[in-house]
1. Condition (residue is surrounded by 15 or more Cβ atoms within 10 Å (Cβ to Cβ) and modelled with pLDDT of 95 or more) applied to the range B:264-272: is it met by at least one residue?
2. Which count do you get for residues in the range A:33-78 that are over 25 Å from B:N61 (Cβ atoms), part of a loop (DSSP other than H, G, I, E, B) and modelled with pLDDT under 95?
3. Within the range A:23-51, how many residues are within 10 Å of chain B (Cβ to nearest Cβ) and either over 23 Å from B:N265 (Cβ atoms) or β-branched (V, I, T) (or both)?
4. In this structure, is B:E169 touching a residue at least 12 places away in the same chain (Cβ under 8 Å), within 16 Å of the ligand (Cβ to nearest atom) and of a type in the set (D, E)?
5. Looking only at the range B:277-305, which residues are aliphatic (A, V, I, L, M) and assigned to a helix (DSSP H, G or I)?
6. Can you say whether A:V75 is buried (at least 21 other Cβ atoms within 10 Å of the Cβ), more than 26 Å from B:M239 (Cβ to Cβ) and more than 10 Å from chain B (Cβ to nearest Cβ), as far as the supplied structure shows?
7. Pairs only if they're at least six apart or on different chains, beta carbon under 7 angstrom, first in the range B:73-96 and away from chain A (no Cβ under 14 Å), second surrounded by fewer than 19 Cβ atoms within 10 Å (Cβ to Cβ); list them, first residue then second.
8. Please give the helices (runs of 4 or more DSSP H) falling wholly within the range B:131-243 in which 3 or more residues are assigned by TED's automatic domain parsing to the domain that holds B:E113.
Amino acid sequence: MITEPEQLDARGLLCPMPVIRVQNRVEEMKSGERLRAICTDPGALNDIPAWCRINGHKVVSSEERQGEYVVVVEVGEA
Amino acid sequence: MSEVKKALALISGGLDSMLAVRVVQQQGIHVEGVNFFTGFCVEGHTHAIRKKDRARPKRNNALWVAEQLGIKLHIVDIVEEYKDVLLNPRYGYGQNLNPCLDCKIFMVGKAREWIEQKGFDFIVTGEVVGQRPMSQRKDTMPVVAKHSGADDLLLRPLCARNLPPTLPEREGWIDRGKLYDFSGRNRKPQMALAASFGIDDYAQPAGGCCFLTDAQYSAKLADLWQARGSRDYGMDDIMLLKVGRHIRPRPHFKLIVAREEGEGNFLQGYKRQFASLTTVSHGGPLTLIDGDTSDDDLKLAAGIVARYSQGRQADEVELLHTDARGRERSVKVKPLSPIEVKQEWHA
Ligand code: SF4
């Protein structure tokens with residue numbers, strides 16, 4: 001069962017702060033849980049997926065919505 | 001079989017830390033990376049602000065390097081703690097406001113705490129003896145090891161053979177014979193090593209890893225401290241010093257003039273914290289005013305902004321002054337000529 005993702009408001013933050021916030025939240029979450037990060041720095045669309053790839057997490061979706069960038073991350077195995 | 005030893009590497013995003021990691025990986029060590037964000041890092045920020053930079057594919061070099069190396073990367077926000085490093089450096093500053101030696105001590109010290117918490121065995125950096133005038137000298141490298149508390153847990157694979165053996169070498173986790181003896185500013189050995197690893201794409205750090213090594217940036221920071229009468233700063237200050245033309249025509253106020261559209265958009269976000277000037281009769285840059293202005297000051301400020309507007313040749317330019325509370329008033333001025341905007345006003 002997939003539960004509703006947790007929300008992370010990273011609007012107004014410039015890279016690498018959004019990815020740091022995602023990292024710190026993911027550290028407290030369990031494998032399989034999801035986090036939806038909302039950002040305004042377009043760099044987040046590169047940085048968050050790159051961070052996920054190297055740290056073993058999955059990007060479920062990433063999209064631009066009216067000047068905001070929304071990335072949903074699924075926490076991988078520890 | 002003995003258990004795999006684990007090392008934490010300081011990753012700046014440049015070539016040296018990349019090579020250092022490869023060297024220890026080849027000896028069967030499990031490596032993870034750490035990247036410290038001080039706020040002054042050259043990474044990111046300005047790319048997101050300046051429009052002309054947006055077209056370039058932007059990547060975070062530390063993340064990119066980690067991906068090439070196949071290692072995990074932990075990015076640590078040290079913005080708050082770093083203030084004490086920058087404001088009160090025990091070993092002073094380098095050529096500009098870069099407290100490199102204290103900075104290195106601080107970062108290696110943080111890495112030392114981290115490995116203790118996570119059960120890692122030692123620390124790796126890409127430092128090379130004699131490469132940097134301040135933090136990477138033969139006499140200062142032991143200072144970093146000692147004052148960070150890392151002591152002989154700090155391995156610098158690229159120049160280890162010029163330094164006393166560290167614990168990982170003495171314990172036989174690492175074969176000292178397969179480490180390097182690079183020294184000095186010559187980059188050729190690094191490039192040859194990179195080529196031997198098949199690494200051909202890497203960031204070329206010019207001078208240093210942060211804005212504090214930049215003369216202009218340091219001058220603006222020093223100007224800000226002087227004008228405030230106190231040496232303090234926040235994240236907004238760090239950001240605003242990276243953006244726009246900074247002009248201080250009077251000691252008690254300065255102007256931050258957007259140089260292009262991306263900067264203008266970025267400065268828009270600060271209109272609730274600062275008074276601003278926008279041109280009405282002609283196209284022109286958004287300008288923030290940092291400090292209190294009298295009517296005369298405002299006229300002067302408007303004349304400067306008009307000089308950077310499309311009405312610079314006009315007899316009169318109309319501007320709108322908006323204070324931080326949103327109250328507006330119109331100002332009409334004759335644009336200053338280029339020589340009237342004095343060179344020494346530019347922070
Ligand atoms: S250049 Fe900046 S980040 Fe690098 S060691 Fe010096 S002060 Fe620290």
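The values are calculated or read from the model by the stated rules, or taken from the named source; none is laboratory data. In this text the structure is predicted, and so the values were computed from the model without any measurement. Note that we place each Cβ from the backbone using ideal geometry, even for glycine, and neighbour counts take in every protein chain shown.
1. Let us first name the residues in the range B:264-272 that are surrounded by 15 or more Cβ atoms within 10 Å (Cβ to Cβ), namely B:264, B:266-267, B:270-271.
Okay, now just the ones that are also modelled with pLDDT of 95 or more, so none.
No: zero hits.
2. Qualifying residue count for the region: 4.
3. Residues flagged as within 10 Å of chain B (Cβ to nearest Cβ) and either over 23 Å from B:N265 (Cβ atoms) or β-branched (V, I, T) (or both) within the range A:23-51 amount to 8.
4. On the way: touching a residue at least 12 places away in the same chain (Cβ under 8 Å): yes; within 16 Å of the ligand (Cβ to nearest atom): no; of a type in the set (D, E): yes.
Answer is no for this residue.
5. As a first pass, look at the range B:277-305 and keep what is aliphatic (A, V, I, L, M): B:277, B:280, B:286, B:288-289, B:298, B:300-302, B:304-305.
Selection gives B:L298, B:L300, B:A301, B:A302, B:I304, B:V305.
6. Details: buried (at least 21 other Cβ atoms within 10 Å of the Cβ): yes; more than 26 Å from B:M239 (Cβ to Cβ): yes; more than 10 Å from chain B (Cβ to nearest Cβ): yes.
Yes, satisfied.
7. B:L87/B:R231; B:G94/B:P133; B:N96/B:A215
8. Numbers: elements: B:141-147, B:167-170, B:188-196, B:215-228, B:235-240.
Passing ranges, in order: B:141-147, B:167-170, B:188-196.
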